[in-house]
Amino acid sequence: MHAHAAAKPPFKERARAALADRTLKLAIDRTTGNAERKRAAAVAAFPEFEAARARGKAIKNHVVANLAYYLEMFERNATAAGAKVYWAADDAEARAIVTRLCLEAKAKLVTRSKSMLGEEIGLPHALADAGIERVETDLAEHIIQLAGDPPSHIVWPAMHRTREQVAELFKAGHHPPPAADDPPTMVQSARRQLRAKFLGADVGISGANFLVADTGATCTVTNEGNAELTTTPPRVHIVTAGIEKIVPSTAHAFALLRLLVRSATGGELTQYTTFHCGPKRAGDADGPEEMHIVLVDNGRTRMLADEFREMLRCIRCGACMNHCVVYRQIGGHAYGGTYPGPMGSVLTPVLDGLAGSRDLPNACTMNGRCAEVCPVGIPLPTLLRAWRTRSWRERLEPGALRMGLGVWAQLARRPALYRLASGVGVRVLRLFGRGGWIASLPLAGGWTACRDLPRPAGRTFMEQYRAQRKGGR
């Protein structure tokens, strides 16, 4: 963890605060609901989606199985194209490399295109510590930079902010302020604020959606063109990317782009899909004079050796969180890590340790929607169960929970006693129901503090099942 990682409130406390924030719920519903509908329409209009998904999974599995081979190929070809490649074992080393490159370039102003890998390694704080001004150029990142917020979503970092809140931020942070609070006027105001920064930056820093092994190119995918303005005018371009972003060829990158864009935004292709292959060459009209690529491990190699290797297929589309019933109730900040939602609940224990993040896998309802929509078939519920198992074996669960599960296990091993207890439980629960709902439960306030529970039927599932079978005979 980097030096600026301060102690956070426990997950349950963060979740309770998020559940009580009605404005946050409004902001999340506006965006995730729209994303879900657009993805469904895009998939319905793409009959080959399942075949494309199977191919995408196969490509990523092949790369993961041959990661060292393709990374070495990428380094050779990127170097041949004029770029310089660096290897960072962890977040601290990655921060040190990028900061050193900025200082060597005598950078006073750095523009940055949206990169969750940059957030993962703590790059914003590292640049501030080095006395370098950082300007976020993605519109959503510009919004949260004004607000002093971390990203709450990997595709829409400002999802937690409503349009009305953004208008207030722009009025306070833009000089001159926007003339109105409608979206076109506010976008024009952000464009005015950022244009001089684009042209005056000494260094541009980007992430990479893909690293192309056979050409040494990096690929960025955006809808605003900010990545191109971040990487082209400055004299120095620095790329930070996780080692799992590698693909064998440009054709493989496009096969995954067909999945990425439909799953992330519901489009067929983004407005800007750009391949950067080395610095400016003789005769080129524009481009950076230097290109540096920092390849970051930070736990990824460790994942190769255990059950979480399937997470290395992730192409960072955000579909799992858009469809997650938990994320849609509490938003991204409640998760407390760089990556929220189901994919974050798998990755955060890798990055921050299981002891401090065991609540995340346990928050999942295991409804499986994340796995259904994952464009590369990552079995997210299976991986979350693996973290739960590990947490149990390492005795990280609270004593009360272990005792409660022990009591339940004793009942489950005795079918007659289990049927008796569940039958009594169902009938007792009905006593707390009013109008078909249970608003509060003694000794179980966690279940009803932020929602009403449906009043159960008068009989258990098995009682109803047996009655139906008898009636059918």
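Figures for the structure shown
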{"read-out": "Count - residues of region 449-472 that are within 25 Å of ALA15 (Cβ to Cβ), outside any strand (DSSP E or B) and of a type in the set (A, V, I, L, M, F, W, C)", "value": "2"}
{"read-out": "Members of region 50-100 that are acidic (Asp, Glu) and surrounded by fewer than 16 Cβ atoms within 10 Å (Cβ to Cβ)", "value": "GLU50, GLU72, ASP90"}
{"read-out": "The lone exception for LYS114 - which of (1) under 20 Å from LEU199 (Cα atoms); (2) part of a strand (DSSP E or B); (3) not small (Gly, Ala, Ser) it fails", "value": "(2)"}
{"read-out": "Count - residues of region 121-134 that are outside any loop (DSSP other than H, G, I, E, B), under 20 Å from ILE293 (Cα atoms) and either touching a strand residue (DSSP E or B) at 6+ places or on another chain (Cβ under 8 Å) or without any contact (Cβ under 8 Å) to a residue 40 or more places away in the chain (or both)", "value": "4"}
{"read-out": "Qualifying residue in region 256-265 (condition: in contact (Cβ under 8 Å) with a residue 12 or more places away in the chain, under 26 Å from PHE198 (Cβ atoms), open to solvent by 10 Å² or more (accessible area, probe 1.4 Å) and assigned to a loop (DSSP other than H, G, I, E, B))", "value": "yes"}
{"read-out": "Answer residue from region 266-297, given it is in contact (Cβ under 8 Å) with a residue 24 or more places away in the chain and in contact with a Pro (Cβ under 7 Å, 6 or more places away or on another chain) and is surrounded by the most Cβ atoms within 10 Å (Cβ to Cβ) among those", "value": "MET291"}
{"read-out": "Residue within region 149-159 that is under 24 Å from the mean Cα position of the chain (by Cα), under 30 Å from VAL296 (Cα atoms) and of a type in the set (Asp, Glu) present", "value": "yes"}
{"read-out": "Condition check for ALA371: open to solvent by 20 Å² or more (accessible area, probe 1.4 Å), farther than 29 Å from LEU67 by Cβ and not polar (S, T, N, Q)", "value": "no"}
{"read-out": "Contacts under 7 angstrom Cβ, first residue in region 149-172 being open to solvent by less than 30 Å² (accessible area, probe 1.4 Å), partner at pLDDT below 95 and among the basic types (Lys, Arg), 6 or more apart", "value": "PRO157/LYS114"}
{"read-out": "Counted residues, region 191-234 - those being hydrophobic (A, V, I, L, M, F, W, C), in a strand (DSSP E or B) and farther than 15 Å from ASP286 by Cα", "value": "7"}
{"read-out": "First in region 72-99 and under 11 Å from LEU295 (Cβ atoms), second anywhere and open to solvent by 40 Å² or more (accessible area, probe 1.4 Å), Cβ under 7 Å, 6 or more apart", "value": "VAL85/GLU75; VAL85/THR79; ILE97/TYR86"}
{"read-out": "Any hit, region 410-433, residues being surrounded by 13 or more Cβ atoms within 10 Å (Cβ to Cβ), part of a loop (DSSP other than H, G, I, E, B) and not charged (D, E, K, R)", "value": "yes"}
{"read-out": "Criterion violated by GLU463 - all others in (1) at pLDDT 90 or above; (2) touching a Gly at 6+ places or on another chain (Cβ under 8 Å); (3) acidic (Asp, Glu) satisfied", "value": "(1)"}
{"read-out": "Count of residues meeting criterion [within 17 Å of ARG313 (Cβ to Cβ) and either hydroxyl-bearing (Ser, Thr, Tyr) or in contact with a Gly (Cβ under 7 Å, 6 or more places away or on another chain) (or both)] in region 262-298", "value": "2"}
{"read-out": "Among the candidates THR365, THR382, THR348, residue that is among the polar types (S, T, N, Q) and modelled with pLDDT under 95", "value": "THR365"}
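The values are calculated or read from the model by the stated rules, or taken from the named source; none is laboratory data. Source: prediction; values computed, not measured. Neighbour counts run over all protein chains shown; Cβ positions are idealised from the backbone, glycine included. These accessible areas exclude ligands, DNA and RNA; they are computed on the full protein's heavy atoms, side chains included. Shrake-Rupley method; radii C 1.70, N 1.55, O 1.52, S 1.80 Å.
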